[in-house]
Amino acid sequence: MKKKDCIFKMISYLIVLLMGPFLGIGQIFTKVTNGAIVSSPADSRSVNWVDVNNDGWLDLFISNGKAGGQNNMLYLNQGNGNFLAVDNDPIVLDSKPSDGATFADCDNDGDLDAYVVNWYNEDNLFYLNDGSGHFTEVIGTVSDTNGYCETAAWGDYDNDGQLDLYVTKSGPSVGTRRNQLYHNDGGATFTKILTGDMVTNSYTSRCINWTDIDLDGLPDIFVTNEGTSNTNENLYHNDGAGNFTRITTGDLLNDGGKTMSSSWADYDNDGDLDVYLTNDGSNNVLFRNDGNLIFTKMASDPVSNTNSHSFSSAWSDIDNDGDLDLFVTNSYNPTPELLHNFLYLNNGDGTFTQNFSELPATDASWSYGCAFGDYDNDGFEDLAVATVAFNGVDAPDFLYHNTPNNNHWITIKLVGRFTNKSAIGTRIHIKATINGVSVWQMREISAQSSYCGQNDLRAHFGLGDATTIDEIKIEWPSSIEETILSVAGNQFITIVEGQGILGVNQTKHSDDFFLYPNPVKSVLNIIWADKSPIVSTDIYNTLGQLVLTIPSAQQTKTVDVSSLKTGNYVVKINSEKGSSSAKFVKI
């Protein structure tokens, strides 16, 4: 064989090896080149896909962080693939140097409210939504920050149905680098928490994620920290009753580097959340969750072997094959030169292959926040990317439309009743038979997907060749668990807590009653959701010992549990149709 023939065959083999996972899929994304989103140059930061006017179409918020101030941008989805730039609402008339943003229904009135953080020692911005997408700025506790803030996220740390708020800070001096936690007292009023490691530690913090890392029903706080050396991430374990304990051991918390962002997702479909860390000037890294707060660094995978200046990332099943893919943004290299972003496709076996040849990986820019959302409701998640100024010149942001293929999907909106209305912190599992194999997938509803990024609050799942979901299982923070069987794919559905699919009566409850608040300190409310008469209601400890009998048989009970010791308990209701049980935590 001639030498040039041998070289040609080797090159051909490498191309097949690199491109194999993409063959047969076709072009994944098409770049949108017309419209308000991609023709408005700015020094952009955060990307948030949110339906602000409740019309069923995702709108897009992009914050701008230019020194000296620059108005943020809100684009209303017209439902035909086009967006209208809002120009007369307070949320786009701030003229502040903004960074991260987070949207959720913090007052439980049925619409998404906004919190936008500012840098350069400017106070943050808190907006309430009137339901039509019009925002009113609220001056008060959560806006008076007096510091250099990076981003924020809503999360209900005491599971009382009211969304609390955590804010990360960096800043030029140590005195400004204390993150902030605000407890939601109801009615959009807040109390600033002043004690505890989560608000007294001083780091150059970037990203915050609320996520239940150990699956105990309480959302924990994970914070990434930027630094030049020996910088650890912060994990504050939620112990209940508003108490957090800082965890300092394990590879995940001692990786080091200038960590900008963290993105949590179940990339290997094993039922727990793994995490991807992006670093500025060192290798990014994927950590696999092995349970019991043990995380394994996937050092040999391509997602962990790229040295760049990465700032954000986002997970989505972009090809709807039943596993999550990954997108990563890059910017601010010291050279300076424009950088390409990274696109990794999940091979379905716990590994990834980097795609160098297709959009969005072929665009060069300085990119910052990013997020996925299905803006045209075709069942395939699209991508928006914020671009920052390069050499002092503002640039338009990127919007990529996801090209549909033959794979199936389902998108699920959750509405809380005892849980917060936005269902933040809820975990949703689906089971489907994909390529002849029964596969469980899981999503956790989050108001912050990554640093300066918020994916669509609707849970999107790719189904591959499956046309039917065998089972949907929902774990609400209120402790309610629901199971729904045999649901058709290729549709958008809404599931209301305790009531199943909106407009469809096909819910099978694993727990036929609600307990709240959970954890509980003194008074536990028990609501019997079934219509069958109650025979008895009892409370047992984890040893199976009867500790309390509730004599009345009414549908709703208010029980004083203040005399019980702290720990886990089970409420058991015996009715004429059988018995049901649910767990609660006494704090």
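Among residues belonging to segment 123-163 that are acidic (Asp, Glu) and in contact (Cβ under 8 Å) with a residue 24 or more places away in the chain, point out the one that is surrounded by the most Cβ atoms within 10 Å (Cβ to Cβ). Full working, then the answer.
From segment 123-163, those acidic (Asp, Glu) are 123, 130, 137, 144, 150, 156, 158, 160; that's our starting set.
Then keep just the ones that are in contact (Cβ under 8 Å) with a residue 24 or more places away in the chain; that gives 137, 150, 156, 158, 160.
Values: 137: 15, 150: 26, 156: 24, 158: 21, 160: 22.
Out of the qualifying residues, it is 150.
If you go through segment 258-294 one residue at a time, how many are outside any strand (DSSP E or B) and buried (at least 24 other Cβ atoms within 10 Å of the Cβ)?
So the count comes out to 2.
Of all the residues that make up segment 108-122, how many are part of a loop (DSSP other than H, G, I, E, B) and touching a Ser or Thr at 6+ places or on another chain (Cβ under 9 Å)?
Residues in segment 108-122 being part of a loop (DSSP other than H, G, I, E, B) and touching a Ser or Thr at 6+ places or on another chain (Cβ under 9 Å): 6 in total.
From the set of residues in segment 462-474 that are in contact (Cβ under 8 Å) with a residue 40 or more places away in the chain and touching a Gly at 6+ places or on another chain (Cβ under 8 Å), which is nearest to residue 163 (Cα to Cα)?
So the residue we want is 462.
Evaluate the following for residue 189: is it crowded, with 20+ Cβ neighbours inside 10 Å and touching a residue at least 40 places away in the same chain (Cβ under 8 Å)?
Values: crowded, with 20+ Cβ neighbours inside 10 Å: no; touching a residue at least 40 places away in the same chain (Cβ under 8 Å): yes.
Here the answer is no, as residue 189 does not meet what is asked.
Does residue 382 count as closer than 23 Å to residue 27 by Cβ and at pLDDT 95 or above?
It is true that residue 382 is closer than 23 Å to residue 27 by Cβ and at pLDDT 95 or above.
Please go through segment 360-374 and pick out each residue that is under 26 Å from residue 80 (Cα atoms) and buried (at least 19 other Cβ atoms within 10 Å of the Cβ).
360, 369, 370, 371, 372, 373, 374 - these are the residues of segment 360-374 that are under 26 Å from residue 80 (Cα atoms) and buried (at least 19 other Cβ atoms within 10 Å of the Cβ).
So residue 213 ticks every box in (1) buried (at least 16 other Cβ atoms within 10 Å of the Cβ); (2) of a type in the set (Val, Ile, Thr); (3) without any contact (Cβ under 8 Å) to a residue 40 or more places away in the chain; (4) under 24 Å from residue 266 (Cα atoms) but one. Which box is left unticked?
It fails just one condition, (3).
Keeping to segment 56-84, report how many residues are touching a strand residue (DSSP E or B) at 6+ places or on another chain (Cβ under 7 Å) and either among the hydrophobic types (A, V, I, L, M, F, W, C) or open to solvent by 40 Å² or more (accessible area, probe 1.4 Å) (or both). Reasoning before the result, please.
Of all residues in segment 56-84, those touching a strand residue (DSSP E or B) at 6+ places or on another chain (Cβ under 7 Å) come to 57-65, 69-78, 83-84.
This time we only want the ones that are either among the hydrophobic types (A, V, I, L, M, F, W, C) or open to solvent by 40 Å² or more (accessible area, probe 1.4 Å) (or both), so: 57-58, 60-62, 71, 73-74, 76, 78, 83-84.
The total comes to 12.
Within segment 216-226, how many residues turn out to be part of a strand (DSSP E or B) and either modelled with pLDDT of 95 or more or surrounded by fewer than 22 Cβ atoms within 10 Å (Cβ to Cβ) (or both)?
Qualifying residue count, segment 216-226: 5.
Would you check which residues across segment 538-571 are surrounded by 10 or more Cβ atoms within 10 Å (Cβ to Cβ), at pLDDT 80 or above and not in a strand (DSSP E or B) and list them?
561, 562, 564, 566
Just checking: which of the strands (runs of 3 or more DSSP E) contained wholly in segment 297-408 hold 1 or more residues that are of a type in the set (Asp, Glu) and under 23 Å from the mean Cα position of the chain (by Cα)?
Per the criteria, 325-330, 382-387.
For segment 447-456, check the following and say yes or no: at least one residue is among the hydrophobic types (A, V, I, L, M, F, W, C) and open to solvent by 30 Å² or more (accessible area, probe 1.4 Å).
no
Mind checking whether some residue in segment 481-496 is open to solvent by less than 30 Å² (accessible area, probe 1.4 Å), at pLDDT below 95 and either closer than 26 Å to residue 149 by Cβ or of a type in the set (S, T, N, Q) (or both)?
Yes.
The values are calculated or read from the model by the stated rules, or taken from the named source; none is laboratory data. Owing to the predicted nature of the structure, the values given are computational and were not obtained by experimental measurement. Because the Cβ atoms are built from the backbone with ideal geometry, glycine has one as well, and the counts that use them run over all protein chains shown. Heads up: the accessible areas ignore ligands, DNA and RNA and are worked out on the full protein's heavy atoms, side chains in. Shrake-Rupley method; radii C 1.70, N 1.55, O 1.52, S 1.80 Å.
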